[in-house]
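Data block below; observations after.
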Amino acid sequence: MGKKEKCVICNETVGFRFKAMEEWKIEGTLCGKCYSKKVDEHYPGEHIRVNKHLD
């Protein structure tokens, strides 16, 4: 079995890998929940956030 990646923010095992945007200045892989939170923090406004129930 291969080694599972961990999210660099919450340390949970990553199922689907997300790469942080350059302006976030985060190195490493993010889980979907942390990626979604970062998008919401860095790009506030009237966008629709999916999977918000996962917070």
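How do the peptides 24-30, 35-41 rank, highest first, by the average count of neighbouring beta carbon atoms within 10 Å per residue?
Numbers: 24-30: 14.1, 35-41: 16.3.
Sorting 24-30, 35-41 by mean packing, highest first, produces 35-41, 24-30.
Along the Cα→Cβ direction, 7 angstrom out, place labels at Glu41 and Glu23. What is the inter-label distance in nm?
Placing both labels 7 Å beyond Cα along the Cβ direction yields 1.5 nm.
Every number in this text was worked out from the coordinates using simple rules, so none of it is lab data. Computed from a predicted structure; not experimentally measured. Quick reminder, even Gly has a Cβ in these numbers, built from the backbone with ideal geometry, and neighbours come from all protein chains shown.
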